[in-house]
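Taken together, the values in this text are just the output of simple stated rules run on the coordinates, not laboratory data. These numbers were taken from a predicted model, which means no experiment stands behind them. Heads up, the Cβs are rebuilt from the backbone with ideal geometry, glycines too, and the neighbour counts pull from every protein chain shown.
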Amino acid sequence: MEKNVKNRIILLTGQGKGKTSSALGMVLRAVGHQMRVSVLQFVKKTRNTGEARALALLPGVEHLICGNGFVTPQEAAEQRENHCHAATEGLRLAKSRLADPSVQMIVLDEICTAIHHHLLEEQEVLDLLTSASTGKIIILTGRHAPQSLINCADTVSVIESAKHGFEQGIDAQPGVEL
């Protein structure tokens, strides 16, 4: 069987819970095939989550935090600049992983959120995707995916929320949100 060298671009977006979880499920599949994976988390800041601890246990998986936490509209200019700097550094790291022939899967978690909050330019991300070396599986996540990324992806899932525990006053829980 001939190896498919075309890049796969998978986009997970929408208002519902489970975009990152879906991406990490694909990471598990990749690890099962002894693939080398790089997970870059834009916007997110903490390593004190179950997903971060689990990723550290998986062979061949690199986990990079490329954010300063979720962005709020009332943040001061200096805080915003720090968010932009972290996202730009994440984009630089992503570019190097997308050029590395030994990395087969790259997860750009919350990259749509980074674009939506103007931490990254949409065109920069599109340029990044088109510059990737062949044979990559690229997974993009985050709410508010721009139409250009939807058009670029070969697989798009929009995850909607019918109901969420947070709306009922249920705090984030280890194993579910943490």
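Karplus-derived 3J(HN,Hα) values for segment 157-166, using 6.51 cos²θ - 1.76 cosθ + 1.60 with θ = phi - 60°, are 10, 9, 9, 9, 10, 8, 6, 9, x, 4 Hz; glycine and proline are entered as x. Using a simple spin-label model with pseudo-atoms 7 Å out from Cα toward Cβ, residue 154 and residue 127 lie 2.5 nm apart.
Taking all Cα pairs closer than 8 Å and separated by 6 or more residues, the relative contact order of the chain comes to 36 percent. Label separation (residue 96 vs residue 22): 3.1 nm, computed from points 7 Å beyond Cα along the C-beta direction. Computed over neighbours whose Cβ is under 14 Å from that of residue 143, the net charge equals 0, Lys and Arg +1, Asp and Glu -1. Between residue 8 and residue 34, the modelled labels are 1.9 nm apart [label points 7 Å from Cα along Cα→Cβ]. Sorting 34-41, 129-136, 79-86, 108-115 by average packing, meaning the other beta carbons within 10 Å per residue, from highest down gives 108-115, 34-41, 79-86, 129-136. Are there any helices in the chain, counted as whole DSSP H runs, that stretch 30 Å or more along their axis by Cα and score at least -1.0 on average by Kyte-Doolittle, and if so which? Membrane-span-like by this rule: 77-99.
Label reach from residue 147 (point 7 Å along Cα→C-beta): in segment 114-128, amide nitrogens under 16 Å belong to 122-123.
Remark: the residue 173-residue 81 segment gains 30.0 nm on full extension, using 0.36 nm per residue and subtracting the alpha carbon distance.
For residue 39, nonlocal amide neighbours, meaning residues 5 or more places apart or on other chains whose placed amide H falls under 5 Å from its own, are 62, 63, 64, 107.
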